[in-house]
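Undergrad: I am attaching a structure below and will ask some questions about it afterwards.
What follows is calculated from the coordinates using simple rules that are stated; it is not laboratory data. What you are looking at is a predicted structure, and each value in this text was computed from that prediction instead of being measured. A quick note on method: Cβ atoms are made from the backbone with ideal geometry, for glycine too, and the neighbour counts reach across all protein chains shown.
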Amino acid sequence: MKYICEFFSIKYPIIQGGMGNISNASLAAAVSNAGGLGTIGCGTMNPEQVETIILETKEKTNNTFALNIPINVSPYTDELINLVFKHDIPIVSLSAGNPAPYIPLLHKKNIKVIAIVASVKHAQKAQDAGADVLVAEGFEAAGINSNLELTTFTLIPQISKNVTVPVFAAGGIGNGQGLAAALMLGASGVQLGTRLIATKEAPFHPSYKQKLLKAIDNDTCILGRSVGQVRRVLKDPYTVKVLDLEKKGLSPVDYREMTSEEHHINGAIHGDVKNGFMNSGQVAGLIDDIPTVKELLDGMMNDAKKQMEDKLNSLSMTFTQM
C-alpha cells in the first residue's frame, strides 16, 4: 500500500473511477485534494470539452490527477492522448478496449498507465503489454460492465494471484469495511465511483444523491443483457422502459441510442428519470450519508485500519483459546 501511494504521489490508496460525460473538475480536484487520485473521465466528449475540464481541475488542485480514456467508446482517443502530453498529465487509465497500442507511447513520456480489466486473461494481457497498475472491476460496479459478470470478491484474489503488478479493486466498495476486505483479498487499493456521487462536492442533481441515500440492496438493475452490452443503473421509470423494450426485441442500435451519454446526462445532471438514467453500483444500498470527499476518504482509511486491527485481535484470541 505504501508503494502504490508513493508511485502515484498520493496519500491514500483510493482512486476515482472515470464517470464518462458527467465527469467534472470539482469532484476530481476534491478527490486529489483529499489524498486520493482524482480522475477526469473523457467519455465521448470532444478534446475541447476535455481540455476545459483539465484546465479547471488544475486551477482547483496542485495534486496529481489522472485522465481516463475509454478506448472503444471515445472517437477521439488519439487526440486525447495528445492532450495528456500537452498538459503533462502523469497518469492515464485506459478502459473499454485494448490498451496495448497506447502503453509504449505513454511510457515514452514517463506517463504511468492504469488498465481497467474484468478477468484474469485480460489482466495478464494488460500486464504483458506494460500496464503499471490494474483496476479489476467486479460486476457490482456502476455503468458499463463486463459481460463475464464476475464479482469483485472472486475476481480480486484470482487476478492478484496471476499478476505481479499492483491491483486495485473496483465494484461494491464504498466504506472502510470494503477497503479492508479488498486489501485482504490481495488488492493494493480501491477505485470508487458510486460512493463519490453522494458527496458534497459532486455537482450532480440532488435527486440522484437522494436516490442513492434511499436505495436498498436490490435497487439497481442490469440493462443490455439482450444485446451483450451490460450496464448497471438505478431502477427508475426510464430504465424500466428500456428493460421492457429489451424483452420485446430492442435492437443493439436502438439500445445504444437509449443508453447514450445524452440520456446519462438527462438522469445524472438534470434529474430527469423519465428520459434518462443514473449509473449506480450495488454499493448504493450501503450509502446513508453525504459527506465531503475528505470526510469520506479519511473515514474509510480510519475504519479500514480499525476493522483490520479488530479482526486481527479477534483471531489472535481465537487461536490462543484453541
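Undergrad: Taking amide H positions as placed 1.01 Å from N in the peptide plane, with prolines and chain starts having none, which residues 5 or more places from ILE40, or on another chain, fall under 5 Å of its amide H?
TA: Residues meeting the criterion, in which the H sits 1.01 Å from N, are ALA66, LEU67, ASN68.
Undergrad: Here is a follow-up. Enumerate by residue number the trypsin sites (Lys or Arg not before Pro) in region 239-291 meeting two conditions: DSSP loop (anything except H, G, I, E, B), and at most 13 other Cβ atoms within 10 Å of the site's Cβ.
TA: Passing sites in region 239-291 are LYS248, LYS274.
Undergrad: So how far apart, in nm, are the two label points at VAL240 and SER119 if each is 7 Å from Cα heading toward Cβ?
TA: Result for the modelled spin labels: 3.5 nm.
Undergrad: Moving to a separate point now. Which pairs, out of LYS112/LYS161; LYS211/LYS274; LYS86/LYS294; LYS125/LYS161, put more than 19 Å between their alpha-carbon atoms?
TA: Among LYS112/LYS161; LYS211/LYS274; LYS86/LYS294; LYS125/LYS161, the Cα-Cα distance tops 19 Å for LYS112/LYS161; LYS86/LYS294.
Undergrad: Take the Cα gyration tensor of region 109-254, multiply each eigenvalue by 5, square-root it, and list the three semi-axes largest first, rounded to whole angstrom.
TA: Taking √(5λ) for each Cα gyration eigenvalue gives 28, 20, 14 Å.
Undergrad: Right, here's the next one. Per-residue HN-Hα couplings for region 286-297, Karplus 6.51 cos²θ - 1.76 cosθ + 1.60 at θ = phi - 60°, whole Hz, x for Gly and Pro?
TA: Karplus values, whole Hz, x for Gly and Pro: 9, 8, 9, 7, 10, x, 6, 4, 5, 4, 5, 5.
Undergrad: Right, here's the next one. What is the magnitude of the charge dipole of the chain about its Cα centre, with +1 placed on the Cβ of each Lys and Arg, -1 on the Cβ of each Asp and Glu, and no other charges, expressed in debye to the nearest 20?
TA: 440 debye
Undergrad: Helix-only mean residue ellipticity at 222 nm, the chain, DSSP H runs n ≥ 4 weighted -39,500 (n - 2.57), per residue, nearest 500. What is it?
TA: So the helix-based figure for the chain works out to -13000 deg cm²/dmol.
Undergrad: Sticking with this structure for a sec: Set the Förster radius R0 to 56 Å, insert the Cβ-Cβ distance between GLN210 and LYS108 as r into 1/(1 + (r/R0)^6), and round the FRET efficiency to 0.05.
TA: According to the calculation, E is roughly 0.75.
Undergrad: Per residue of region 248-257, in order, report the coupling 6.51 cos²θ - 1.76 cosθ + 1.60 (Karplus, θ = phi - 60°) as ³J(HN,Hα) in whole Hz, putting x for Gly and Pro.
TA: So the J values, rounded to whole Hz, are 8, x, 4, 6, x, 5, 5, 4, 4, 5.
Undergrad: Right, here's the next one. So for region 206-283, what are the equivalent ellipsoid semi-axes in whole Å, largest first, each being the square root of 5 times an eigenvalue of the Cα gyration tensor?
TA: 20, 14, 10
Undergrad: Sticking with this one: Can you give the Rg/Rh ratio of the chain, where Rg is from the C-alpha atoms and Rh is the Kirkwood radius?
TA: So for the chain, dividing Rg by the Kirkwood Rh gives 0.96.
Undergrad: For LYS86 and LEU312 in one chain, what is 0.36 nm times their gap in residues minus the Cα-Cα distance, to one decimal in nm?
TA: Length difference between fully extended and current span is 76.6 nm.
Undergrad: With a cut-off of 8 Å between alpha carbons and a minimum separation of six or more residues, what is the relative contact order of region 206-283 in percent?
TA: Computed value for region 206-283: 35 percent relative contact order.
Undergrad: With only Lys, Arg, Asp and Glu charged, each at its Cβ (+1 for the first two, -1 for the last two), find how big the charge dipole of region 206-283 is about the Cα centre; round to the nearest 20 debye.
TA: With only Lys, Arg, Asp and Glu charged at Cβ, the dipole is about 200 debye.
Undergrad: Next question. When the chain is fully extended, how far beyond the present Cα-Cα distance does GLU149 get from MET1, taking 0.36 nm per residue of separation?
TA: Contour length minus the Cα-Cα distance gives 50.5 nm.
Undergrad: Mind checking which aspartates and glutamates have their Cα closer than 18 Å to the Cα of LYS241? Skip sequence neighbours fewer than 8 apart in that chain.
TA: Result set, ordered by chain and number: ASP219, ASP254, GLU257, GLU261, GLU262, ASP272.
Undergrad: With N denoting the number of residues in region 246-314, provide Rg(C-alpha) divided by 2.2 N^0.38 Å, to two decimal places.
TA: After normalising by residue count via 2.2 N^0.38 Å, the value is 1.76.
Undergrad: Using only alpha carbon pairs under 8 Å that are at least six residues apart, calculate the relative contact order of region 12-84 and give it in whole percent.
TA: About 33 percent, as a whole number.
Undergrad: Indicate, rounded to the nearest 5 percent, the antiparallel portion of the DSSP beta bridges found entirely in the chain.
TA: 20 percent
Undergrad: Could you work out the relative contact order of region 1-142? I mean the mean sequence separation of Cα pairs under 8 Å and 6+ apart, divided by the number of residues, in percent.
TA: 16 percent
Undergrad: Quick check: Cα centre of region 65-140 to Cα centre of region 223-298, how many Å?
TA: Here the two parts' Cα centres lie 24 Å apart.
Undergrad: Explain nothing, just compute: Karplus ³J(HN,Hα) = 6.51 cos²θ - 1.76 cosθ + 1.60, θ = phi - 60°, for every residue of region 55-62 in order, whole Hz, x for Gly and Pro.
TA: Each residue of region 55-62 in turn: 5, 5, 5, 5, 6, 9, 8, 9 Hz.
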